[in-house]
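Peer 1: Handing you a structure now.
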Amino acid sequence: MHKTDLSLEGRVALVTGATRGIGAAISQRLAANGACVVGTATTESGAQNIGQNLAGAPMPGVGQVLDVTNPTSVDNLFKEIKAAVGLPSIVVNNAAVTRDGLALRMPEADWAAVIEANLSGVYRVSKSALRGLMKSGQGRIVNISSVVGQSGNPGQINYSAAKAGVLGLTRSLARELGSRQVTVNAVAPGFIDTDMTRALDDGARDRMLEQIPLGRLGAAEEVADAVAFLVSPAAGYITGETLSINGGLHMGG
Ligand code: NAP
């Protein structure tokens, strides 16, 4: 009888933005499935916490400092990973920021900061990972986009543009890397219960819940489950795809 193969034994997985929320849940899940996880934080103390949380995993993971907006920081990260645990065959581009505001009043700096972290950051980390991914013969990239990259959202032209850009990047990269057996997919979470959505006021939260057929926010662990599937051997024939995890908030791609 054939059993679904979700095992990540012998794999090194890089998860950016792993200090909290969705990134922390993804790190824990991939570690539980057998990967040696490298989780990143923007601070030294954050990296240490990640290392402590991953120490008890079947393959103990490590925490590293990374600022995806800084090319030198990305270069240093890959040098350190290579020396510590070997180059990753799984990359989850999760790190992101928000600088919300209506278009009429959005400062150039808020536009640029979000594009730089949420879109250029994905380019930078993915590019640095490519050689290792291609060499592995079973490489996986999963990019964390968002429902607002699919449907748009007032007050988020910068964030939704970056997240829509990530979907285009995902499909192009999937076409470039297919012949090397590297799959590149995206997940598009809806409203997930994390620091990012806790920042919303009660009125905005209630209006949002009314739009969700399943009538609740998602849990970070539910996004982690989808990512764990996409990076697993079981998802070997899925590439260039966007998996929505949104309780039905937005349907049809
Ligand atoms: P979060 O709680 O705000 O955590 C963001 C993570 O990104 C943190 O680990 C943070 O590190 C890291 N980060 C921020 N700027 C960075 C930079 N310049 N370089 C490297 N790392 C950086 O976010 P979340 O809610 O878990 O969201 C995770 C992902 O899911 C994001 O891509 C987000 O856009 C997406 N998403 C979230 C929701 C939602 O409802 N929460 C919905 C759709 C999509 P530090 O802690 O060190 O600052």
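The values are calculated or read from the model by the stated rules, or taken from the named source; none is laboratory data. Only a predicted model underlies this, so the values are computations on that prediction, with no experimental measurement involved. All Cβ positions, even for glycine, are placed from backbone atoms using ideal geometry, and neighbour counts span all protein chains on display. Surface accessibility is based on the protein's heavy atoms, side chains included, excluding ligands, DNA and RNA. Shrake-Rupley method; radii C 1.70, N 1.55, O 1.52, S 1.80 Å.
Peer 1: I'd like the residue in the range 164-195 that is touching a residue at least 24 places away in the same chain (Cβ under 8 Å) and open to solvent by 90 Å² or more (accessible area, probe 1.4 Å) and, out of all such residues, is farthest from Arg29 (Cα to Cα). Before you say what the answer is, go through the steps one by one.
Peer 2: Filtering the range 164-195 for residues touching a residue at least 24 places away in the same chain (Cβ under 8 Å) gives 165-167, 169-171, 173-175, 177-178, 180-195.
Cutting the leftovers down to open to solvent by 90 Å² or more (accessible area, probe 1.4 Å) gives us 171, 175, 180-181.
Details: Arg171: 25, Arg175: 28, Arg180: 26, Gln181: 23 Å.
It comes out as Arg175.
Peer 1: Being part of a helix (DSSP H, G or I) and at pLDDT below 95 is the filter here; which residues of the range 160-196 pass it?
Peer 2: Those that are part of a helix (DSSP H, G or I) and at pLDDT below 95: Asp195, Met196.
Peer 1: Please determine, by comparing only the residues of the range 92-115 that are within 16 Å of the ligand (Cβ to nearest atom) and open to solvent by 60 Å² or more (accessible area, probe 1.4 Å), which one is nearest to the chain's Cα centre (by Cα).
Peer 2: Among those residues, the one meeting the criterion is Arg99.
Peer 1: Keeping to the range 26-62, report how many residues are open to solvent by 20 Å² or more (accessible area, probe 1.4 Å) and under 18 Å from the mean Cα position of the chain (by Cα).
Peer 2: Selection size over the range 26-62: 6.
Peer 1: For the range 197-248, what are the residues that are closer than 20 Å to Gly155 by Cβ, in a helix (DSSP H, G or I) and touching a helix residue (DSSP H, G or I) at 6+ places or on another chain (Cβ under 7 Å)?
Peer 2: none
Peer 1: Condition check: part of a helix (DSSP H, G or I), in contact with a strand residue (DSSP E or B) (Cβ under 8 Å, 6 or more places away or on another chain), in contact (Cβ under 8 Å) with a residue 24 or more places away in the chain and aliphatic (A, V, I, L, M). Does Val114 satisfy that?
Peer 2: Spelling it out, it is not the case that Val114 is part of a helix (DSSP H, G or I), in contact with a strand residue (DSSP E or B) (Cβ under 8 Å, 6 or more places away or on another chain), in contact (Cβ under 8 Å) with a residue 24 or more places away in the chain and aliphatic (A, V, I, L, M).
Peer 1: Working only within the range 131-152, note down all residues that are surrounded by fewer than 19 Cβ atoms within 10 Å (Cβ to Cβ) and either more than 30 Å from Met208 (Cα to Cα) or within 13 Å of the ligand (Cβ to nearest atom) (or both).
Peer 2: Arg131, Met134, Lys135, Gly137, Gln138, Ser151
Peer 1: Only one of Leu102, Leu77, Leu14 is under 26 Å from Thr197 (Cβ atoms) and in contact with a strand residue (DSSP E or B) (Cβ under 6 Å, 6 or more places away or on another chain). Can you tell me which?
Peer 2: Every option except Leu14 fails the conditions.
Peer 1: Is it fair to say Gly86 is more than 18 Å from the chain's Cα centre (by Cα), in a loop (DSSP other than H, G, I, E, B) and in contact (Cβ under 8 Å) with a residue 12 or more places away in the chain? Steps first, please.
Peer 2: Numbers: more than 18 Å from the chain's Cα centre (by Cα): yes; in a loop (DSSP other than H, G, I, E, B): yes; in contact (Cβ under 8 Å) with a residue 12 or more places away in the chain: yes.
Considered against the rule, which asks whether it is more than 18 Å from the chain's Cα centre (by Cα), in a loop (DSSP other than H, G, I, E, B) and in contact (Cβ under 8 Å) with a residue 12 or more places away in the chain, Gly86 comes out as yes.
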